[in-house]
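Take a look at the structure set out below.
Since every read-out is calculated from the coordinates, none of them should be taken as a lab result. Predicted model only: the values in this text are computed from it and were never measured. Here the Cβ is made from the backbone with ideal geometry for all residues, glycine too, and neighbour counts use every protein chain on show.
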Amino acid sequence: MKWLTELELTTEAVEGYWEKRGWHGTGPVNTVAKLHHRERDGDQVSVGGHAYAGTRGISAVEVSTDGGETWSDARISDRLPGAREASGTQRREFARDAWRHWHYEFTASDTREVVVRAIEADGTVQPRQRTDAHPRGASGWVTQRV
């Protein structure tokens, strides 16, 4: 919980708390697909997590079980209610700034290098290259041995 204790209005740009410490000022949102769930029952493997791209939205999540050589579509959750969007001749409301949960199952008798990436609503693929959180936010494909 946070409480507003003071409000200061200025006519010029001022560096805030985080900017003074080297962080990017506007807090850009990087596209991410996270892998939080890993479960194995014999040769049956289940993985899952969430994906997010800010107001750009997520249209798909892809999973590779061979270190990024080949890709398969994960099952993703329905879009949440929210802002208006045209859908054919009808108008439906969907949230543009919401996580999409994803899930994928596969069969493997050995340990696999599982890689996850998100696809934005316009088809842009989450960048492969990893970056640290500082100063513009973490990015890159998520990889885990399962």
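Just a few scattered comments:
- When His36, His103 are sorted by how many other C-beta atoms sit within 10 angstrom of their C-beta, beginning with the fewest, the order is His36, His103.
- Residues whose amide H comes within less than 5 Å of that of Ala74, counting only those at least five positions distant or on another chain, are Val61, Glu62, Val63 (H built at 1.01 Å from N in the peptide plane).
- Ordering Trp23, His36, Thr5 by Cα displacement along the dipole of the range 1-89 toward the positive end leaves Thr5 in first place; charges were set at the Cβ atoms of Lys, Arg (+1) and Asp, Glu (-1).
- Local electrostatic count at Ala138 - Lys and Arg +1, Asp and Glu -1, tallied over other residues with Cβ under 15 Å: +4
- Counting charges near Val47 (Lys, Arg +1; Asp, Glu -1) among other residues having Cβ under 9 Å from its Cβ returns a value of -1.
- Percent breakdown of C-alpha pair distances by 10 Å bin, ordered from the shortest bin, for the range 26-145: 13, 41, 30, 13, 2
- Total formal charge among the other residues, if their Cβ is under 11 angstrom from that of Ser72, Lys/Arg +1 and Asp/Glu -1: -3
- Each label point was placed 7 Å from the Cα along the Cα-to-Cβ direction; for Thr10 and Asp41 their separation is 5.8 nm.
- Packing-based exposure ordering (other Cβ within 10 Å, fewest first) of Lys20, Lys2: Lys2, Lys20
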